[in-house]
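The values are calculated or read from the model by the stated rules, or taken from the named source; none is laboratory data. Predicted model only: the values in this text are computed from it and were never measured. Because the Cβ atoms are built from the backbone with ideal geometry, glycine has one as well, and the counts that use them run over all protein chains shown.
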Amino acid sequence: MKTYKHILLLALLCSGVSCNDFLEENPSKTTSVVPETLEHLEQLLNDYNSFGSEGASELIYGTDDFAIQTDLYEGISTVYSLETVQHGTWDIDYLPTTGRPYWPEEWEKIFTANLIIQNLSSVSGEDSQKQMVKAEAHFIRAYSYFQMANIYCLPYTNGNKAELGLPLKQTTSFEENIERATLEDTYAYIEADLQKALELNRDLEVVNGQNRTWRASTVAVLGFAARYYLSLNDYAMAQSYAEDALDLHSYLRDYNTEMSFSTRPNPVTIFNPDAETVNIEYPYTHDLQSIPTDKLEWGESYYYRFLSNGAWNYFPSTELLNSYNQDYDLRYKYHIVEDYTYDRGAVDPAYSYPGYIFFFKSDILSGPSVPEMLLIKAECQVRQGSWADGIQTANILRGYRIDASAPANIRDLSATSEADALTKVLEERRREMPFVHRWYDIRRYNNNEVTTDDVIMSRTFYPYTGGSILGAESPINYTLDKNSRRFARPIPETDIIASGGTLKQNEY
């Protein structure tokens, strides 16, 4: 695998962390640097820039949370790159072979984890600390494999167990087999790593007022375990791990008192047809881009992972926008930025459409978090028959998200049946965690024991070729059926070619 062979250099380069002689050396395929102390391996783990970002266009554009809409394209066509539309219509013919960072980014993380596991027995250091670093490395590997399996493989079901999974890399050897294992073996590999990761015994520390989420902790692993078992529709296990995580850390940010708008003015002149100055209101979390202060002080996060969109265009679909109570839901007030297209150049003529902003314009929290655990617990309670309890659990979160002046019947969810409760809790999950979890959620909704939560995604948009969007032609309908094989997104063709055919592409 070409990507995997070249990330040794990346894994050992410093990116903003304190470097020592070991990390400053220049490794190569034949004469790689050998770590000698546990500190050398700790340096790799402390590089949050290497582990935090998730540049997954498949997640950003590939669900009904993102607006692939003709009206938005006609208002400001520059917001849509061709790749945006390709991902947003689940294309398998024209996706670019290069410039898709998610696949190599996650393999780099897996490589680093393997580098640590492989060298732990030979470096100096206390055995107890080595065990913690080993558990953390297994967590990193499990996390990245899980993320990739949910994008590049079909959903894990009894009928899909023999389908293609991922290459199971256990070392840093360039000669290690890169054939894709079965999906069953891939998930067994993830679960084995998860069990080793659960041996991690480390508090979520606070350093200078900032949570040390860039390193794994017990609560981070518990949160991931809850997510993992939810994906398998094992609701008892998922609820148990979510509750264990909440027992350790349950802080919620109160949007009534702990959210505010940016104090920096953001004036934009639009022509409608007269020149008018419009001040775009961003949440305060918009202001810091290059330093992680706000992210580390957020408080709800267990682990420093963020869905990262370098194009700065999280445009919420009309369906997503309509899911919020726009008068009282403070998530709408602070995260849905009105007139965002003005900031992207739609000023002459003026065209207004909102954007979704969490941290700056590019990053949305994706690592395990307190809200996610509450919503997992709520959903699992409902699916196991305790639907009234599930509604109450979801309302704990809403107490921190809905305007305190809202009437009680708006602030609190209510339900009349288990089916109604499930619908309400899943809607709340979507409002709380748009873009980040929607792709994973639709995959599992379509492959569980009930049909009322199934999601068939459909868009009406212009046709396109490998080179352009055909905006002058009539729009057509694009649909991702419930059991479509396109839920396994294509692996970059460059890696297929570089492997000499050993690495197989998904079949469609």
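The criterion of at least 2 residues that are over 22 Å from the mean Cα position of the chain (by Cα) is met, among strands (runs of 3 or more DSSP E) falling completely within the range 240-317, by 267-271, 275-279. Scanning the range 397-420 for residues being closer than 20 Å to Tyr332 by Cα, of a type outside the set (Gly, Ala, Ser) and surrounded by 12 or more Cβ atoms within 10 Å (Cβ to Cβ) gives a total of 10. Residue pairs whose Cβ atoms lie under 7 Å apart, sitting 6 or more positions apart in sequence or on different chains, and linking a residue in the range 162-186 that is closer than 21 Å to Tyr143 by Cβ and in a helix (DSSP H, G or I) to a partner that is modelled with pLDDT of 95 or more and charged (D, E, K, R), are Leu183/Lys161; Leu183/Glu163; Glu184/Lys161. Across the range 468-508, the number of residues qualifying as touching a strand residue (DSSP E or B) at 6+ places or on another chain (Cβ under 7 Å), surrounded by 14 or more Cβ atoms within 10 Å (Cβ to Cβ) and more than 25 Å from Asp64 (Cβ to Cβ) comes to 0. Which residue pairs have Cβ atoms under 8 Å apart, sit 6 or more places apart or on different chains, and have a first residue in the range 288-309 that is more than 22 Å from Ala56 (Cβ to Cβ) and a second that is in a strand (DSSP E or B) and of a type in the set (A, V, I, L, M, F, W, C)? Close Cβ pairs satisfying both conditions: Leu288/Phe359. Screening the range 30-133 for helices (runs of 4 or more DSSP H) wholly inside it with 3 or more residues that are of a type in the set (D, E, K, R) returns the ranges 102-119.
All conditions in (1) touching a residue at least 40 places away in the same chain (Cβ under 8 Å); (2) out of contact with any helix residue (DSSP H, G or I) (no Cβ under 7 Å at 6 or more places or on another chain); (3) surrounded by fewer than 20 Cβ atoms within 10 Å (Cβ to Cβ); (4) within 21 Å of Tyr48 (Cα to Cα) hold for Gly209, with the sole exception of (2). Across the range 54-78, the qualifying residues are those that are among the aliphatic types (A, V, I, L, M) and crowded, with 22+ Cβ neighbours inside 10 Å, and the one among them that is nearest to Thr97 (Cα to Cα) is Ala56.
Scanning the range 108-126 for residues that are in contact with a Gly (Cβ under 8 Å, 6 or more places away or on another chain) and at pLDDT 95 or above turns up nothing.
Go through the residues of the range 363-383 one by one and say whether even a single one is of a type in the set (A, V, I, L, M) and assigned to a loop (DSSP other than H, G, I, E, B). Before you say what the answer is, go through the steps one by one.
Of all residues in the range 363-383, those of a type in the set (A, V, I, L, M) come to 364-365, 370, 373-376, 378, 382.
Still in the list and also assigned to a loop (DSSP other than H, G, I, E, B): none.
No, there is no match, as no residue in the range 363-383 is of a type in the set (A, V, I, L, M) and assigned to a loop (DSSP other than H, G, I, E, B).
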